[in-house]
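Heads up, the thing below is written out as structure tokens.
Nothing in this text is a laboratory measurement; each read-out follows from the coordinates by a stated rule. Computed from a prediction, not measured in an experiment: that's the story for all the values here. All Cβ positions, glycine included, derive from the backbone under ideal geometry; neighbour counts span all protein chains shown.
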Amino acid sequence: MMNGMQLRFVTFLARGLAQPVRLDRERRAGVTLELGELALPADSQDTGTLMTGADEPARRLNPTPDGAGPHHALVHVDALSDDVLGWLAPEEIPYEWVPGPNSGKLADVRVVVTRAFPQCSELAVGIAEQGGQVLVAPCLATAPTSTPIAAQEALQDLPKLRGLILSSPAAVRTWFAAWHAAGHRERPARLAAIGPSTAQACRAHHCEPDFVAADPRSEGLVQQLEAAGELCHRWLHWRADEGRPVLRHAFEQAGGDLRIVEGYRTVRPTWPTALVDCLRSPAPSVKLDVLTLTSGKAARHLLQSLEEHAATDRLEHFEIVSIGPATTAALRASGIHPTATARSPSNAALVETVLDLTARASF
């Protein structure tokens with residue numbers, strides 16, 4: 001576990017708005033706050049309060065006289081974990097994590113994590129635990145479905161179907177939110193989760209999946225459902241607006257039926273200028289700059305965001321690591337050529353690949 005790590009928070013990464021950052025140490029064990037700087041636009045009248053626990057007075061943050069600089073506050077985190085990151089609202093997304101002492105196998109390495117928030121946390125923590133600097137630059141964000149009527153109909157029809165497939169933690173969050181909002185409390189007759197992280201998200205809702213693909217890809221779930229004789233039945237797949245057709249084809253070939261419903265959309269978040277400035281200018285101590293990508297859509301959004309800020313030339317300075325062969329193929333189709341591909345599509349394998357890449361690099 002890391003001690004004394006500094007996090008710098010950009011206020012409302014998704015919308016570029018200046019909002020007060022509020023963290024309460026008493027309710028959020030493991031977070032210790034130090035007053036940093038909160039710079040607001042020159043025309044802003046806002047002042048924010050950093051809540052530092054019941055045993056300390058709240059410290060007032062005022063706009064800087066010239067309103068310059070990125071909007072951020074500096075905090076020290078004693079125990080960085082998914083729980084700590086889970087407390088952060090979208091306006092408190094950490095975009096730059098710098099370990100205190102430069103130690104560990106990745107001490108001279110910066111890794112750009114492009115996964116959506118909060119899914120980025122596991123990979124970012126794994127990099128930081130090895131001493132690496134982390135820049136969180138989400139290329140995906142979750143948005144409501146564009147087909148709400150179809151989603152509502154799917155909720156009503158689920159009891160008539162064999163079971164439900166959830167393919168990501170975002171699918172789990174949006175499914176259970178919609179399911180409970182519709183007044184349901186019972187679990188689906190059968191529940192299948194693609195990958196351990198999706199299964200863990202189900203368990204957070206007190207729902208144990210009946211099928212869990214250890215291989216966090218559609219192919220892994222196809223093997224499990226085929227072995228159990230489930231592909232010949234009617235199932236519902238709650239997923240994002242885009243996805244590979246592997247599951248649908250498997251059900252069709254087996255004589256079954258897979259009803260695919262767009263439960264949510266993945267969209268491109270707006271990057272603030274401060275984040276792009278960090279991409280352009282790593283710390284002087286950085287000797288290797290690595291960028292990780294976990295899907296073809298994230299790659300397309302990355303290119304669009306860089307183009308929006310006239311920063312596409314920055315890609316030439318990164319060693320790019322892909323999460324797996326399918327993503328590598330999608331990246332190449334977008335004109336991005338990865339330096340390395342992880343052995344398996346998991347965060348742990350991505351960290352291992354970054355470690356191997358660093359070991360081979362000559363600083």
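Quick notes on this structure:
- Translational D in µm²/s for segment 110-185 (Stokes-Einstein at 37 °C, 0.692 mPa s, Kirkwood Rh from C-alpha pairs): 222
- Multiplying the residue separation of Ile149 and Arg244 by 0.36 nm and removing their Cα-Cα distance gives an extension gain of 31.9 nm.
- Of all DSSP beta bridges in segment 143-266, antiparallel share, percent nearest 5: 10
- Contour minus Cα-Cα distance for Gln156 and Glu226 (0.36 nm per residue): 22.6 nm
- FRET efficiency, 1/(1 + (r/R0)^6) with R0 30 Å, evaluated for Ser197 and Glu129 via beta carbons: 0.95
- 3J(HN,Hα) from dihedral phi, segment 349-356, Karplus parametrisation 6.51/-1.76/1.60, rounded to Hz, x for glycine, proline: 5, 4, 4, 4, 5, 5, 4, 4
- Rounded to the nearest 20 debye, dipole of segment 143-266 from Cβ charges on Lys, Arg, Asp, Glu: 240
- Loop-resident sites, segment 108-198, for trypsin sites (Lys or Arg not before Pro), counting at most 14 other Cβ within 10 Å (DSSP): Arg185
- Note on segment 216-255 and segment 328-362: Cα centroid distance 27 Å, given to the nearest whole angstrom.
- Classification of segment 143-266 by its C-alpha gyration tensor yields a rounded form. The axis ratio a/c (a ≥ b ≥ c) stays under 1.5.
- Cα-projected label distance for Lys287 with Arg185, points at 7 Å along beta-carbon direction, nm: 6.0
- Nearest-0.05 FRET efficiency for Glu307 and Glu252, computed from C-beta distance (R0 30 Å): 0.20
- For segment 217-363: relative contact order, % (alpha-carbon pairs under 8 angstrom, 6 or more apart): 17
- Scalar couplings 3J(HN,Hα) for segment 169-185, obtained by applying the Karplus form with A = 6.51, B = -1.76, C = 1.60 to θ = phi - 60°, are x, 5, 5, 4, 4, 6, 5, 5, 5, 5, 4, 6, 5, 7, x, 8, 10 Hz; x denotes Gly and Pro.
- Segment 244-363: equivalent-ellipsoid semi-axes (sqrt of 5 x gyration tensor eigenvalues, Cα, Å): 32, 20, 11
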